[in-house]
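Laboratory data are not the source of any read-out in this text; all were calculated from the coordinates shown. These figures come from a predicted structure and were not determined experimentally. Note: ideal-geometry Cβ built from the backbone for every residue, glycine included; neighbour counts use all protein chains shown.
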Amino acid sequence: MDKIVIHGGRRLSGEVKVSGAKNSALPLLFATLLAPGVHRIANVPDLRDIATVEKLLTVLGAQVTRKNGNFVVDSGAIESVEAPYDLVRTMRASVLVLGPLLARLGHARVSLPGGCAIGARPINLHLKGLEAMGAKITLDHGYVEARAKRLRGARILFDMPTVGGTENLMMAASLAQGTTVLENAACEPEIVELAEALNKMGARIEGAGTDSVTIEGVDELTPLVHAVMPDRIEAGTFMVAAAITQGDVLVTGAMSSHLEALIFKLREAGAEISEETGGLRVKGPRKITSVDIKTRPHPGFPTDMQAQFMALMALGTGTSVITENVFENRFMHVCELQRMGANISIEGHTATVKGVKGLLGAPVMATDLRASASLILAGLAADNTTEISRIYHLDRGYERIEEKLKSLGADIERVKE
Ligand code: UD1
């Protein structure tokens, strides 16, 4: 298994380009199941989760070819409607096949994902929504089986905003009969991009990006041609990397409209952030001011940036209170940061981070995708050597992160064990 080895203490500087957004590319690739024909999706990042989607689409009968980040998906002949456990287990977003398969073929069988490192993450809201649209849903040997001759439009009120649920139902409703209204919908930029892509395919979706999305069903959709937007979480991770190393980095592809909450908090922490053509420049402060954060659905502070921001706060000059409101078990990085000398205590879903003067390199273990990024950031700022194992988590969501950081001056390597 590969490890990442970092000799910390280097100031990062230069320019780094953000890859295509993982959390956009996933639903966009699944949306190809909605319309028979040849779809072309560009700027798809080279990640393990994307390879899982590729496998899943192939298992379903689609033909997928890729050259660099350009994907061509021929979804003309879908032969299977089953997303098997082995694939869903490695990537929960596989449940996004449910809506498209059900809408196009009237039948889908998808393994229940089970728990994951950051919490229980049920899909009850996806299923309740599909039931409201007339699907008959049963559970069989750990698989959710959904059937519907044709889905009907419905008014659906989510108990809480769910990104995947909003995406699944938006896709399903695009081919339903009649109008669907999703209330308390998630507002993430990835939802806006999916709606724009579906509209290019002939869907009629309005309101994406607000908490009320209206989808007027159509009889058929046409293939998609689209380029994936830059990844706001990867961008945010590089922004924190600049901040934590007192660096000066231009993050190309970072969009301020997608990163408002993070920008606000980084500025409070003392970073200088300026908009430049094509990206955002971040200059790290000499002294990091401790600030509090509470994660919330977009436009609030993203849960996917909580672990990385905590690494920064570990070096703050005071005390920072970090509250995780989206997932119930998303503090797995805390024990590892403590091994590097961070002073963090947890009570319920709140972490109190008392800033320390410096972090010390140590062998640490990645526990999930964003926790891995947090350990890398801590390693960049720490004295001595940090060795991060189990980095397969990292490869799910960051494209060539060690090469990109190296190009900014970090002393970082991937080592084969
Ligand atoms: C997506 C992102 C993930 C991000 C998360 C929150 C993708 C592929 N992943 O995950 O990176 O951290 O949004 O921004 O885009 N919930 C239920 N029932 C449901 C669905 C969700 O109770 O049926 C709960 C979840 O357990 C969680 C909250 O709702 O507490 C938000 O989850 P959700 O927005 O659905 O996250 P994902 O779509 O899985």
Residue span Lys149 to Arg48: 0.36 nm per residue of separation minus Cα-Cα distance leaves a gain in nm of 32.9 nm
Post the alpha-carbon centroid distance, the stretch 319-363 to the stretch 385-417, in whole angstrom.
-> 21 Å
Which of the lysines could a cross-linker span from Lys149 if the Cα-Cα distance has to be under 20 Å and same-chain partners fewer than 8 positions apart are dropped?
-> Lys128, Lys136
Cα to Cα, under 13 Å, and not fewer than 8 places away if on the same chain: which aspartates and glutamates meet these conditions relative to Lys404?
-> Glu15, Glu234, Glu413
In sequence order, calculated HN-Hα J values of the stretch 314-331 (Karplus, 6.51, -1.76, 1.60; Hz; x Gly/Pro) = 4, 10, x, 8, x, 10, 10, 10, 10, 10, 9, 9, 9, 10, 7, 9, 9, 10
Toy charge model, Lys and Arg Cβ at +1, Asp and Glu Cβ at -1: the stretch 22-226 dipole around Cα centroid in debye, rounded to 20, equals 340 debye
In nanometres, what is the gap between the two model label sites at Gln63 and Asp411, each 7 Å from Cα along Cα-to-Cβ?
-> 5.2 nm
How long are the three semi-axes of the equivalent ellipsoid for the chain, computed from the Cα gyration tensor as the root of 5 times each eigenvalue, in whole Å, largest first?
-> 38, 21, 20
Express in whole angstrom the spacing between the alpha-carbon centres of the stretch 159-177 and the stretch 1-39.
-> 24 Å
Tell me which residues come under 5 Å, amide H to amide H, from Ser212 once H is placed; ignore anything under 5 positions away on its chain.
-> Ala185
Residue-ordered couplings for the stretch 175-189, obtained by feeding phi - 60° into the Karplus form 6.51 cos²θ - 1.76 cosθ + 1.60 and rounding to whole Hz (Gly and Pro as x), are 10, 7, 8, x, 9, 10, 10, 9, 9, 6, 6, 6, 10, 4, x
Tell me, what does the Kirkwood hydrodynamic radius of the stretch 22-226 come to in angstroms if you use every pair of distinct C-alpha atoms?
-> 16.4 Å
Amide H neighbours of Gly316 under 5 Å, at least 5 residues apart or on other chains, H built in the peptide plane: list them.
-> Gly355, Val356
Report, in debye and to the nearest 20, how large the dipole of the chain comes out about its Cα centre when Lys and Arg carry +1 and Asp and Glu carry -1 on their Cβ.
-> 300 debye
Helix-only mean residue ellipticity at 222 nm for the chain, each DSSP H run of n ≥ 4 adding -39500 (n - 2.57), per residue, nearest 500 | -9500 deg cm²/dmol
Please find, in a Gaussian network model of the chain (springs between Cα atoms separated by less than 10 Å), the residue of Arg66, Arg152, Arg104 whose mean-square fluctuation is greatest.
-> Arg66
Among Ala35, Thr210, Pro45 the positive-end extreme of the charge dipole of the stretch 22-226 (Cβ point charges) = Ala35
In whole Hz, the Karplus estimates of ³J(HN,Hα) for the stretch 259-268 (6.51, -1.76, 1.60; θ = phi - 60°; x where Gly or Pro) are 10, 4, 4, 5, 4, 4, 6, 5, 5, 4
Calculate the length of the line joining the C-alpha centroid of the stretch 369-384 to that of the stretch 67-107, in whole Å.
-> 34 Å
